[in-house]
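To start, the structure itself, in structure tokens.
The values are calculated or read from the model by the stated rules, or taken from the named source; none is laboratory data. Treat the numbers as computed from the prediction; the structure is a model and nothing was measured. In this analysis, Cβ positions are derived from the backbone assuming ideal geometry, glycine residues included, and neighbour counts consider all displayed protein chains. The protein model used for the area step is the full one, side chains on, heavy atoms only, and it has no ligands, DNA or RNA in it. Shrake-Rupley method; radii C 1.70, N 1.55, O 1.52, S 1.80 Å.
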Amino acid sequence: MSKKYSVILMRDDTSVRKFRIRPFWIKFFIALFFLAVTAAALGGYFTITFYQEKRHVREDLQVVSKNLEQTAEELEKKRNIQKIFETYESQDLHSFLTVNDTRRNIVPPVDLVEVFEYKDRGIVGVDNVQAGFNGDRMRVRLDVNNMAEGETISGRIFLHLVRRDGQQVDLDLDHDDLDYAISRFKNVDVTFELPEELSPESIFALRVKARDDDRRLLYSETFPLSQIQVS
């Protein structure tokens, strides 16, 4: 005769109840309990493992995306340089590169990407650029256009000169007319003294940059004097 365990249940409001359970069922429920605990532990382990793997995949994807963005920026810069060579007069670039080539052992090499880098975020546009000289004074006129319809944009225009040896000279001009707060467009007209180390003959191009109030670059382009100089 097989053994059985007696289970007695007592409550104050009911009579005593007695159950007889075989040892098999006790072992079964104990095994089932440990199986459930093991399954819960394994589920937690695999959940943490999958989460860590997903995090690593996400981090790898961010690195790949960043590398793709950098590659796209480099390709865009190279396309801009190609457009510049196709657009600007060959005589201008030949003069620029020849002067730089004769001085390559004296000054650092010129980075054409930096000199001619073009940026346009579609917020500010610059056109009708003109430049002229009166002795050692230079006059620059241009139009600043609001490309963001339906809102007013504000910031400041910065002017830089590119010498014939490829070196850039930042002009720290204190002209209120270089500030803009426009809903459509603004005409900019400034006249200034050339830095002592520069003469009209030593200047190859004018570089124009537009920044917003937070100093973020919105637009930049280089204009050879041969295409914008007026008498």
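Assessment of the range 168-175 against the conditions (at pLDDT below 95, closer than 17 Å to residue 120 by Cβ and among the hydrophobic types (A, V, I, L, M, F, W, C)) yields no matching residue.
Starting from residues that are among the aromatic types (Phe, Trp, Tyr) and either within 33 Å of the chain's Cα centre (by Cα) or not assigned by the TED database to the domain that holds residue 169 (or both), keep the ones in the range 192-229 and report whichever is nearest to residue 125 (Cα to Cα).
Our first condition is that a residue be among the aromatic types (Phe, Trp, Tyr); within the range 192-229, this holds for 192, 204, 219, 223.
Of the ones still in play, those that are also either within 33 Å of the chain's Cα centre (by Cα) or not assigned by the TED database to the domain that holds residue 169 (or both) are 204, 219, 223.
Numbers: 204: 22, 219: 7, 223: 14 Å.
In this case the residue turns out to be 219.
Filter the range 182-196 for residues that are open to solvent by 80 Å² or more (accessible area, probe 1.4 Å), assigned to a strand (DSSP E or B) and farther than 12 Å from residue 143 by Cα and give the result. Matches in the range 182-196: 193 only. Here residue 32 passes the criteria (1) modelled with pLDDT of 80 or more; (2) under 30 Å from residue 163 (Cα atoms) except the one numbered (2). Within the range 22-50, the set of residues being closer than 30 Å to residue 6 by Cβ and either touching a residue at least 60 places away in the same chain (Cβ under 8 Å) or open to solvent by less than 70 Å² (accessible area, probe 1.4 Å) (or both) comprises 23, 26, 31, 36. Restricting the range 211-226 to residues that are over 20 Å from residue 114 (Cβ atoms) and in contact (Cβ under 8 Å) with a residue 24 or more places away in the chain, the residue that is least open to solvent (accessible area, probe 1.4 Å) is 212.
What's the number of the condition residue 150 fails, among (1) assigned to a strand (DSSP E or B); (2) on the phi > 0 side of the Ramachandran plot? Of the numbered conditions (1) assigned to a strand (DSSP E or B); (2) on the phi > 0 side of the Ramachandran plot, the odd one out for residue 150 is (1).
Among the residues of the range 105-124, are any open to solvent by less than 20 Å² (accessible area, probe 1.4 Å), in a strand (DSSP E or B), farther than 17 Å from residue 219 by Cβ and not charged (D, E, K, R)? Checked the range 105-124: no residue is open to solvent by less than 20 Å² (accessible area, probe 1.4 Å), in a strand (DSSP E or B), farther than 17 Å from residue 219 by Cβ and not charged (D, E, K, R).
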